[in-house]
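Structure first, then comments.
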Amino acid sequence: MHNIKEIRNDIEAFKKALNKRFLDIDVDKILSLDESNREYIQQRELLEKEKKNISKSKDQSLFEKSKKISSEIDNINKLQTNVKNELETILSSIPNIPHSDVPTGKDENSNIEISKSGTIHNFTFKPKSHYELGENLNMLDFDLATKTTGSRFVFVKDKLALLERALSNFMLDTHVNTNGYEEISPPLIATDATMYGTGQLPKFDNDQFELKLDDSSDRKFLIPTAEVILTNIVKDQIIDKKKLPMRMVASTPCFRKEAGSYGKDTKGMIRQHQFYKVEMVSIVEADKCLPELDRMTDCATKILDLLKLPYRKIVLCTGDMGFSAEKTFDIEVWLPSEDKYREISSCSSCGSFQARRMKARYKNEKKETVFVGTLNGSGLAIGRTLVAILENYQQEDGSIIVPEVLRPYMNNIEKINKI
């Protein structure tokens with residue numbers, strides 16, 4: 001949610017920020033609704049003052065006038081509520097303002113590569129895709145999942161199921177023991193208010209898996225990412241500054257409809273409705289978001305370094321960033337079968353954007369109550385990491401070498417062979 005007072009005080013800066021996002025927002029309507037809202041407030045206050053003065057009078061002839069004023073106040077309240085709701089609906093659907101150092105561009109073509117790491121392996125044979133490898137091993141079954149559940153699901157079996165679990169445990173251990181995150185096992189269901197807090201609602205309602213529960217009047221959703229639940233831990237709180245930064249990590253299933261991805265990545269595990277992800281969330285002082293973003297991104301890339309997977313780091317342009325982000329680094333891992341890098345992690349600073357929606361605050365050195373800063377990042381997407389291992393560690397006979405760092409999590413298995 002944006003602060004209407006800040007918009008009002010510097011409307012040109014707000015317009016420029018929206019232009020960087022390539023958005024067509026009716027700013028004049030926002031200002032008009034804001035003006036109407038304030039006028040109704042003033043009218044109500046004047047009427048309430050008049051009614052109060054009448055109540056102090058002993059003149060009974062003014063009783064009918066007081067009743068009329070009450071009716072006028074009720075009418076103004078209804079009108080003001082309608083205007084306020086319309087204004088809040090518009091403001092809640094406008095994405096975060098990009099940070100000043102984010103490159104301006106409409107789409108992924110304007111993203112900027114920051115660095116590359118790792119060595120791309122030169123295969124002496126044509127590398128297979130992860131789904132070919134998994135199916136040949138008899139350890140990935142997409143057809144069975146389609147029969148039992150539908151498209152964009154998969155059965156992961158035997159040693160690949162063990163690899164999936166090993167990745168989750170390895171990532172959690174690294175983030176907890178080395179990177180200083182607190183492990184949390186959160187609920188997998190969120191209310192509409194919780195989804196609103198991190199920006200999934202109302203803008204992306206169609207992407208969410210909503211549950212129909214008879215015992216609740218609240219709308220409930222399967223979480224699209226653990227970010228939603230972890231970030232909302234500080235909802236409606238004034239946090240002790242001494243507790244900042246708060247750093248949390250969780251490994252959870254995630255659920256997304258992928259409503260806008262029709263025809264994209266229909267084969268394999270790249271774009272599934274259900275997937276596992278290790279998610280990092282940081283709650284920090286508002287002015288410490290960008291240093292924390294660098295730290296979080298380094299924590300994510302450390303996983304790839306330990307797995308010895310080649311990757312690159314890019315900064316997203318204004319038109320390619322997520323709704324709640326003010327700045328985002330994507331990490332893309334190399335996939336030999338596609339001969340290109342594919343996203344495996346996205347780390348974002350949201351500034352105080354989510355904190356406003358959640359009413360998450362702390363008291364600064366001046367004892368002022370201010371909004372916290374929030375950040376989130378994949379550390380990493382487990383399915384896509386499994387994909388990257390299959391493709392980068394594949395052998396000509398279709399077997400998969402297990403990365404050394406994962407072997408203690410896999411009963412010291414060195415190679416995955418066909419069953």
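The values are calculated or read from the model by the stated rules, or taken from the named source; none is laboratory data. Everything quoted here is computed from the prediction, not taken from an experiment. We place every Cβ from the backbone using ideal geometry, glycine too, and count neighbours over all the protein chains shown. Just so you know, the surface numbers come from the protein's heavy atoms only, side chains and all, with ligands and any DNA or RNA stripped out. Shrake-Rupley method; radii C 1.70, N 1.55, O 1.52, S 1.80 Å.
Only one entry of E132, E108, E113, E86 meets the criterion of being more than 30 Å from D28 (Cβ to Cβ) and more than 24 Å from the chain's Cα centre (by Cα), and that entry is E132.
Taken across region 112-121, residues that are surrounded by 12 or more Cβ atoms within 10 Å (Cβ to Cβ), basic (K, R) and more than 30 Å from I389 (Cβ to Cβ) do not occur at all. When the strands (runs of 3 or more DSSP E) confined to region 307-391 are screened for residues that are among the aliphatic types (A, V, I, L, M) and open to solvent by less than 30 Å² (accessible area, probe 1.4 Å), those reaching at least 1 such residues are found at 311-315, 327-335, 340-349, 373-381. In the set (1) out of contact with any Phe, Trp or Tyr (no Cβ under 8 Å at 6 or more places or on another chain); (2) open to solvent by 20 Å² or more (accessible area, probe 1.4 Å), the condition left unmet by L133 is number (2).
Quick one: I97 ticks every box in (1) part of a helix (DSSP H, G or I); (2) out of contact with any Leu (no Cβ under 7 Å at 6 or more places or on another chain) bar one, so which box is it? The one condition I97 does not meet is (1).
You will find that of D74, D59, D10, D34, the residue that is open to solvent by 40 Å² or more (accessible area, probe 1.4 Å) and either closer than 30 Å to C350 by Cα or in contact (Cβ under 8 Å) with a residue 60 or more places away in the chain (or both) is D10 and no other. When Y341 is tested against (1) without any contact (Cβ under 8 Å) to a residue 40 or more places away in the chain; (2) under 30 Å from N3 (Cβ atoms), just one condition goes unmet, and that condition is (2). Checked against (1) assigned to a loop (DSSP other than H, G, I, E, B); (2) under 19 Å from the mean Cα position of the chain (by Cα), P253 meets all criteria but (1). Of the residues examined, D143 is one that is surrounded by fewer than 12 Cβ atoms within 10 Å (Cβ to Cβ), acidic (D, E), closer than 30 Å to I270 by Cα and over 29 Å from the mean Cα position of the chain (by Cα).
I need the full set of residues from region 276-300 which are open to solvent by less than 10 Å² (accessible area, probe 1.4 Å) and aliphatic (A, V, I, L, M), in order please. Residues satisfying the conditions are V278, M280, V281, I283, V284, L293, M296, A300. Go through region 199-223 and give me each residue that's more than 10 Å from R256 (Cα to Cα), modelled with pLDDT of 90 or more and among the aliphatic types (A, V, I, L, M). Of everything in region 199-223, those that are more than 10 Å from R256 (Cα to Cα), modelled with pLDDT of 90 or more and among the aliphatic types (A, V, I, L, M) turn out to be L201, L211.
The residue that is modelled with the highest pLDDT, among those in region 237-275 that are open to solvent by less than 20 Å² (accessible area, probe 1.4 Å) and polar (S, T, N, Q), is T252. With respect to the conditions (1) at pLDDT 95 or above; (2) open to solvent by less than 50 Å² (accessible area, probe 1.4 Å), Q42 falls short on a single one, namely (2).
Checking T231, T301, T266 one by one, the residue that is touching a residue at least 12 places away in the same chain (Cβ under 8 Å) and assigned to a loop (DSSP other than H, G, I, E, B) is T266 and no other. When region 215-236 is filtered for residues that are open to solvent by 60 Å² or more (accessible area, probe 1.4 Å) and either in contact with a Phe, Trp or Tyr (Cβ under 7 Å, 6 or more places away or on another chain) or within 23 Å of M171 (Cα to Cα) (or both), only I233 remains. Here P95 passes the criteria (1) modelled with pLDDT of 95 or more; (2) surrounded by 12 or more Cβ atoms within 10 Å (Cβ to Cβ); (3) over 28 Å from the mean Cα position of the chain (by Cα) except the one numbered (3).
When region 401-419 is filtered for residues that are surrounded by fewer than 24 Cβ atoms within 10 Å (Cβ to Cβ) and either outside any helix (DSSP H, G or I) or among the small types (G, A, S) (or both), the ones remaining, listed by number, are I401, V402, P403, M410, N411, N412, I413, E414, K415, N417, K418, I419.
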